[in-house]
Amino acid sequence: SKTVSTILVTGGSSGIGKCIAIECYRQGAFITLVARNEEKLLQAKKEVEKCAINDKQVVLCISVDVSSDYSQVESVIKQAQEKLGPVDMLVNCAGTSMSGKFEEVEVDRFKKLMEVNYLGSVYPTRAVITTMKERRMGRIMFVSSQAGQIGLFGYTAYSPSKFALRGLAESLQMEIKPYNIYVTVAYPPDTDTPGLAEENKTKPLETRLISETSGVCQPEQVAKIVVRDAIVTMGLFRTIALFYLGSFDSIVRRCMIQREQSKAADKRE
Ligand SMILES: NC(=O)C1=CN([C@@H]2O[C@H](COP(=O)(O)OP(=O)(O)OC[C@H]3O[C@@H](n4cnc5c(N)ncnc54)[C@H](OP(=O)(O)O)[C@@H]3O)[C@@H](O)[C@H]2O)C=CC1
Ligand SMILES: CCCCCCCCCCCCCCCC(=O)[C@@H](N)CO
């Protein structure tokens, strides 16, 4: 039996996701990289493999669009789990950004960003959650953005898709805490990646000046911090309304225990 973790990283072929994969591989994990473009996936796989700490480690690649068809996402993640074992940590990092003035953003982009950034995190999470609950263990990370905490000039399409992740994460955390599954949300500032370079091609001056106040991080640095937070801390509940959330948690726990007792009673009959 393995002692190391199995980690699935969406958006693992580039930028922050690739650095998260490398960071975990350096700690002995087995990794599945998920993204669409197969060449970029293979290239990233090679880079990750260079960081192995033992000869049993494996990097698996899956080419799929995380945002288009749930049944497809479910089936490829099932295949990955059959090969590498159940996912201990899911990192939802696949995403795309764009900036522009509200009235200049093509109307289709609002939908596209919600699909990729929001539904593209719902689907993989939905595909791993049942097994995590059965195993009574797991970690789920959502990669939001500083623009997922405050709305900023130029991000009328992007920010809402990142705010949505927070609502998802907090609600889900309340459901799955009794199952020993912890949710974290990362809110990085601008980070030097191919995605940022692409976004910068059309960034309004205001957006650029505002973003500069927060500086640009290196993806390796962001990866180190978010992986540490996901493994070491107990997730969101540190920061928000501890008292109320604690009492809601006890409701959830009580209901779970009652449900299990009545299930056991049914079996005895
Ligand atoms: N860089 C930054 O300044 C910041 C980024 N973020 C967030 O971090 C995440 C990663 O950003 P970054 O590293 O810059 O991005 P990159 O553009 O460099 O990488 C994006 C990754 O996501 C994959 N991806 C994109 N769309 C899909 C899809 N529909 N299905 C599956 N995979 C997909 C890409 O592969 P492929 O295209 O082949 O599918 C690639 O692996 C994003 O969610 C972004 O919003 C947050 C704060 C700051
Ligand atoms: C604790 C409260 C934090 C609030 C800090 C406010 C700082 C304002 C600057 C924000 C910079 C915008 C980052 C967007 C990054 C992004 O997601 C895109 N680059 C993706 O490519």
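The values are calculated or read from the model by the stated rules, or taken from the named source; none is laboratory data. Computed from a predicted structure; not experimentally measured. In this analysis, Cβ positions are derived from the backbone assuming ideal geometry, glycine residues included, and neighbour counts consider all displayed protein chains.
Side notes on the structure shown:
- Positions within segment 88-100 being within 15 Å of ligand 1 (Cβ to nearest atom) and more than 15 Å from Leu8 (Cβ to Cβ), in sequence order: Gly95, Thr96, Ser97, Met98, Ser99
- Set Asp55, Asp69, Asp65: member being out of contact with any Cys (no Cβ under 8 Å at 6 or more places or on another chain), at pLDDT 95 or above, at negative phi and exposed (fewer than 15 other Cβ atoms within 10 Å of the Cβ): Asp69
- Filter result (within 8 Å of ligand 1 (Cβ to nearest atom) and surrounded by 17 or more Cβ atoms within 10 Å (Cβ to Cβ)) within segment 178-209: Ala186, Tyr187, Pro188, Asp190, Thr191, Thr193, Gly195, Leu196, Glu199
- A single member of Ile16, Ile31, Ile20, Ile7 is crowded, with 22+ Cβ neighbours inside 10 Å and over 20 Å from Val128 (Cα atoms), and it is Ile16.
- Just one of the listed residues (Glu103, Glu115, Glu134, Glu175) is over 20 Å from Leu196 (Cβ atoms), within 15 Å of ligand 1 (Cβ to nearest atom) and surrounded by fewer than 19 Cβ atoms within 10 Å (Cβ to Cβ), and it is Glu115.
- In segment 135-167, residue nearest to ligand 2 (Cβ to nearest atom) [restricted to those that are in contact (Cβ under 8 Å) with a residue 40 or more places away in the chain and charged (D, E, K, R)]: Lys162
- The single condition from (1) β-branched (Val, Ile, Thr); (2) within 16 Å of ligand 1 (Cβ to nearest atom); (3) modelled with pLDDT under 95 that Val128 fails is (3).
- Matching residues in segment 12-60 - criterion: being without any contact (Cβ under 8 Å) to a residue 60 or more places away in the chain, within 14 Å of Gly195 (Cβ to Cβ) and out of contact with any Ser or Thr (no Cβ under 8 Å at 6 or more places or on another chain): Ser13
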